Structures are given as structure tokens and as C-alpha cells.
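The values are calculated or read from the model by the stated rules, or taken from the named source; none is laboratory data. Keep in mind that this is a model prediction, so the values were computed, not measured. Because the Cβ atoms are built from the backbone with ideal geometry, glycine has one as well, and the counts that use them run over all protein chains shown.
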Amino acid sequence: MLFIPYANTNHDAYLETVKGAFSKLNLGCSVRSIHEGENPIEEVRRAKAIFIGGGNTFLLLKTLYDHGLVDVIRARVLEVSGILSSREPSQTVSLLKNRPRMFVSGGYMSMISIAQ
């Protein structure tokens, strides 16, 4: 799963927090962060799942635009037939079939599953 930590200024610490949380869920997937790769666009294109961490929405969107990722993520999401989104703190999970969505909201975390 590709983690996008851009809503936080300390990407390494945020990654460790997310890895710890996901390891407890026993989902059977590894977490890597987009900031560790050399080419963020290719990281998104290869991702089977994307997890966007919440926090500072302005910082998140600015960094996504700075790296040219908004359209790449949008295009990748539109390739999907179903998306699983989990939004905290509401703790709701919904599957949207044939209705691509991207949830980016301050204070919330979204997981976009793009495996087909």
C-alpha cells in the first residue's frame, strides 16, 4: 500500500505511526511511503492501494500539486471499479462500486483501494 504523508511535516514519523496501526489490523499488506521513492508519479501509477493521511489539508494539497500528483491520483482512481474508504473519526466504511471517489479532508484519513 502506498502511503501519502504530505498532510504532516514529519513524513518519517508519520509513516512509522501508520505502519504500526496497519500492522495491528493484520491486512497482509506492506506499507511504503511516497516520500521514500525517487519518482512520486510512478509510485502512484504502480500502487495497488493508496492511503492518504489526514492533517493539514492545505499542506497536503499544496504538496500534491507541487509534485504533479493531483491529476495522476485522479486518473488512477478513475481506473477503479470499486473503492473502499474509511474515514476517521466517524469510523464508517463504505464500498462505492462504479463510482470513483477520492476523499481528502483535513483531520481525516482515507484509504483508496485500487487493486482490480
If we only count strands (runs of 3 or more DSSP E) wholly inside region 42-116, which ones have 2 or more residues that are under 13 Å from the mean Cα position of the chain (by Cα) and modelled with pLDDT of 85 or more?
49-52
Of the residues in region 1-27, how many are within 19 Å of Gly68 (Cα to Cα) and outside any loop (DSSP other than H, G, I, E, B)?
4
Being closer than 17 Å to Ala49 by Cβ and surrounded by fewer than 13 Cβ atoms within 10 Å (Cβ to Cβ) is the filter here, so list the residues in region 1-23 that pass it.
Ala21, Ser23
Suppose we filter region 28-41 for residues that are in contact with an Asp or Glu (Cβ under 9 Å, 6 or more places away or on another chain) and not in a strand (DSSP E or B); how many remain?
4
